[in-house]
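Shown next, in structure tokens, is the structure this report addresses.
The values are calculated or read from the model by the stated rules, or taken from the named source; none is laboratory data. Because the structure is predicted, anything quoted here is derived from the model rather than measured. Ideal geometry is used to build each Cβ from the backbone, glycine not excepted, and the neighbour counts take in all protein chains shown.
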Amino acid sequence: MVEPGQPYTHDLHTLLTALAAAEVEIPEAVWRARILTLYDVEARYPSVAKEVTNEQYAEALEIATSVVRWAEQIVAGRPPRR
């Protein structure tokens with residue numbers, strides 16, 4: 001879905017905004033995934049990142065699970081549930 005000349009990105013806000021611009025309906029639970037971009041540095045460079053709390057871990061896991069379920073429904077050809 002990347003248009004010619006568009007830079008590649010891992011920023012979830014940018015990716016979700018591009019999907020919305022392509023008229024993909026994105027539930028609020030999936031929009032919450034924008035904050036997962038904050039953990040990109042932690043995953044790539046654990047020695048320079050701040051430690052993630054158990055609460056942050058639980059929230060990130062909940063959000064990621066919602067995104068995966070949403071994407072699985074789309075790939076399976078089923079309309080996503082709200």
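Could you please find all residues in the range 38-57 being surrounded by 11 or more Cβ atoms within 10 Å (Cβ to Cβ) and either over 14 Å from His13 (Cβ atoms) or modelled with pLDDT of 90 or more (or both)? Quick ask: steps written out before the conclusion?
At the first step, the residues of the range 38-57 found to be surrounded by 11 or more Cβ atoms within 10 Å (Cβ to Cβ) are 38-42, 49, 52, 56-57.
Val41, Glu42, Ala49, Val52, Gln56, Tyr57, listed by residue number.
When only residues in the range 58-82 that are surrounded by fewer than 13 Cβ atoms within 10 Å (Cβ to Cβ) and touching a helix residue (DSSP H, G or I) at 6+ places or on another chain (Cβ under 8 Å) count, which is modelled with the highest pLDDT?
The selected residue is Pro79.
Considering every residue within the range 16-24, establish whether at least one is in contact with a helix residue (DSSP H, G or I) (Cβ under 8 Å, 6 or more places away or on another chain), at pLDDT 90 or above and either assigned to a helix (DSSP H, G or I) or surrounded by fewer than 10 Cβ atoms within 10 Å (Cβ to Cβ) (or both). Lay out the reasoning, then the answer.
Narrowing the range 16-24 to residues in contact with a helix residue (DSSP H, G or I) (Cβ under 8 Å, 6 or more places away or on another chain): 16.
Keeping just the survivors that are at pLDDT 90 or above gives 16.
Retained after the next criterion (residues that are either assigned to a helix (DSSP H, G or I) or surrounded by fewer than 10 Cβ atoms within 10 Å (Cβ to Cβ) (or both)): 16.
The answer is yes; a qualifying residue exists.
Would you tally the residues in the range 6-19 being under 30 Å from Thr53 (Cβ atoms) and without any contact (Cβ under 8 Å) to a residue 24 or more places away in the chain? Explain how you work it out, then say what you get.
Step one: filter the range 6-19 for residues under 30 Å from Thr53 (Cβ atoms), giving 9-17, 19.
If we keep only those that are without any contact (Cβ under 8 Å) to a residue 24 or more places away in the chain too, we end up with 9, 14-17, 19.
Qualifying residue count, the range 6-19: 6.
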